[in-house]
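Undergrad: After the structure tokens below, expect a handful of questions from me.
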Amino acid sequence: MLNRAFNITKINIMLGLIVVILSFYTIIWHHQNYLLYKQSQVVQKQNQQIMAMRKQLLSEHSEKISGAEIKKKALNVLQMKSVSPNKIKAVLL
């Protein structure tokens, strides 16, 4: 009878230790998830900043390609004359 009670006590102690160990692992897991969440938020903000800069660069590039800025500078700064559309000849390629 004493041996049986001793075995039950050993089992209860083992189960208690397992619960404590699993609790520590749960705390560690939650902390790792929190750190991962914070890191993902930082990366997401950086990604949004990069995308905003990319859009800005694309719009600036398209303005340069369109030639509108070049034409304005040519007319204003260099004081060039604008060409009437009927004087422009089309070159077919």
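Undergrad: Taking the stated definitions as given, is Gln79 among the polar types (S, T, N, Q) and in a helix (DSSP H, G or I)? Break it down into steps so the answer makes sense when it comes.
TA: Numbers: among the polar types (S, T, N, Q): yes; in a helix (DSSP H, G or I): no.
Answer is no for this residue.
Undergrad: Between a first residue in the stretch 44-63 that is among the acidic types (Asp, Glu) and a second residue that is part of a helix (DSSP H, G or I), which pairs have beta carbons less than 9 Å apart while being 6 or more apart in sequence or on different chains?
TA: Pairs found: Glu63/Glu69.
Undergrad: What's the number of the condition Leu17 fails, among (1) loosely packed, with under 10 Cβ neighbours inside 10 Å; (2) at pLDDT 95 or above?
TA: (1)
Undergrad: Exactly one of (1) surrounded by 10 or more Cβ atoms within 10 Å (Cβ to Cβ); (2) in contact with a helix residue (DSSP H, G or I) (Cβ under 9 Å, 6 or more places away or on another chain) is unmet by Tyr34. Its number?
TA: Unmet for Tyr34, out of (1) surrounded by 10 or more Cβ atoms within 10 Å (Cβ to Cβ); (2) in contact with a helix residue (DSSP H, G or I) (Cβ under 9 Å, 6 or more places away or on another chain): (2).
The values are calculated or read from the model by the stated rules, or taken from the named source; none is laboratory data. Bear in mind that the values here come from a model prediction, so they are computed numbers and not experimental data. Virtual Cβ from ideal backbone geometry, glycine too; neighbours counted across all protein chains shown.
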